[in-house]
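The next block holds one structure in the form of structure tokens; read it before the comments.
The values are calculated or read from the model by the stated rules, or taken from the named source; none is laboratory data. The model shown is predicted, which means the values in this text are computed figures rather than measured ones. Virtual Cβ from ideal backbone geometry, glycine too; neighbours counted across all protein chains shown.
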Amino acid sequence: MELLEQARAEIDAVDAQMAELFERRMRAVAMVARSKADSGKPVFDPERERAVIAKNTARITDEALRPYYNRFLQQAMAVSRAYQRELLGRGTAAYQGVEGAWAHIASRRVFPFARQMACKTWADVFEAVSTGKAEFGVLPFENSTAGDVSAVLDLLYGHPDLSVCGVYDLPIRQDLLGIPGATLAGLRTVVSHQQALSQSAPFLRAHGFETKVWGNTADAARYVSELGDPAVGAVASAETARLYGLQVLAQGINEDGDNTTRFVVITRTRSEDIPVGEGQRIALLFTVDHKPGKLAQVIERIGSMGFNMESIKSRPLPHVQFEYYFYVQLICPQRAAGQSCRTLLHDLEAPCRTVRLLGVFDHETLCDEEGVTV
Ligand SMILES: C=C(O[C@@H]1C=C(C(=O)O)C=C[C@H]1O)C(=O)O
């Protein structure tokens, strides 16, 4: 026992020093945020993060501790990014759905300290950002199994006042939830959204559970919590379990290991004058005349400037039958880094009928950042 007490006294002493150092680091981070607000530089700077990790892990003398310190630094920088986003975002992020929905989870991971504003529809999220009620909007854009969320792309097309300032991939992990005291053996019925049930079908079948389709996963969790029956469970996320006071009975029951939803973050800030960093993404919306070879000319121009095209999508133009607009996502090459998108836009004016910069942003994956998510 004495050993435990001694060790804890040492931890307390170290924590006291670290609290002071944490405040010092975060005050410097706030200054970085202020400078980024002025220059328009993005919050996430992967090159700087790599340098911070390399420089500091080299200082660790105990080799066995290096990977842990690496992880510790990554977490510290995730917290620092979250704080910067909150400072820059003045704290309101809008999403569509109820609390605990995947868009809410994504929004909380991107803006963990912001006020979360629930909206009824995707159009309402655009409206909230457009009118300044929210600084940011978080919207699903693509799912690795279900495909594009075309309605969100159409809303982006219809809102030239807004731009995309971030793209985040959220790996979807479905857990089986029950009320406190419920057990896997005592469960009879499982409720959830159709897609969550079908992704978890082999697991649910193997346990002989009866399934019931619900409007969405978060609402299913709320229903189970309010019902208070240990025989009824829900398929939803662990975050949703915490929101509704449920416990996780089985983790990761969705069979499809590669189920990721891509979210876009929208804002009113324009990106035309922001210097683009190497590896950053540039999204454009354009239309071309209905003539042979026009699209090829645009693609050729983009390629000749050294931009790698990561994605291209086409959608019917609103109110014009059988004509289309295009969305492209490009990766900024080293030779174009440090400049704004003006030259690219200028060069595309000739082959395009219309061209618009949708945004300049980093493409990040939202890992399960323990301590940051809740
Ligand atoms: C603080 C900064 O912003 C972010 C956070 C970092 C950190 O906390 O050290 C490093 C790089 C950026 O992703 C910065 O750009 O220096």
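Brief remarks follow.
- When 43, 110, 98 are screened for being within 11 Å of the ligand (Cβ to nearest atom) and surrounded by 11 or more Cβ atoms within 10 Å (Cβ to Cβ), only 43 passes.
- Options 132, 137: the member that is touching a strand residue (DSSP E or B) at 6+ places or on another chain (Cβ under 6 Å), of a type outside the set (A, V, I, L, M, F, W, C) and within 29 Å of residue 34 (Cβ to Cβ): 137
- Taking each residue of region 49-62 that is more than 12 Å from the ligand (Cβ to nearest atom) and looking for partners that are charged (D, E, K, R) and part of a helix (DSSP H, G or I) with beta-carbon atoms closer than 7 Å, six or more apart or interchain, yields 57/66; 60/66.
- Counting residues in region 153-174 that are in the same structural domain as residue 267 (by TED's automatic domain parsing), in a helix (DSSP H, G or I), modelled with pLDDT of 95 or more and among the hydroxyl-bearing types (Ser, Thr, Tyr) gives one or more.
- The sole residue among 298, 360, 328, 320 that is touching a Phe, Trp or Tyr at 6+ places or on another chain (Cβ under 9 Å) and either within 30 Å of residue 48 (Cβ to Cβ) or surrounded by fewer than 18 Cβ atoms within 10 Å (Cβ to Cβ) (or both) is 328.
- Candidate set from region 15-29 (those that are more than 12 Å from the ligand (Cβ to nearest atom) and hydrophobic (A, V, I, L, M, F, W, C)); member that is surrounded by the most Cβ atoms within 10 Å (Cβ to Cβ): 18
So that you can scan it fast, the table gives a plain yes or no per residue for (1) in contact (Cβ under 8 Å) with a residue 60 or more places away in the chain; (2) closer than 20 Å to residue 168 by Cβ; (3) within 11 Å of the ligand (Cβ to nearest atom); (4) exposed (fewer than 11 other Cβ atoms within 10 Å of the Cβ):
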site	(1), (2), (3), (4)
13	no, no, no, yes
31	no, no, yes, yes
37	no, no, no, no
64	no, no, no, yes
74	no, yes, yes, no
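- Output for region 148-192, where each listed residue is touching a strand residue (DSSP E or B) at 6+ places or on another chain (Cβ under 9 Å), of a type outside the set (A, V, I, L, M) and under 30 Å from residue 327 (Cα atoms): 148, 150, 154, 157, 159, 160, 163, 165, 166, 168, 169, 171
- Complete set of residues in region 80-95 that are buried (at least 21 other Cβ atoms within 10 Å of the Cβ) and of a type in the set (Phe, Trp, Tyr): 95
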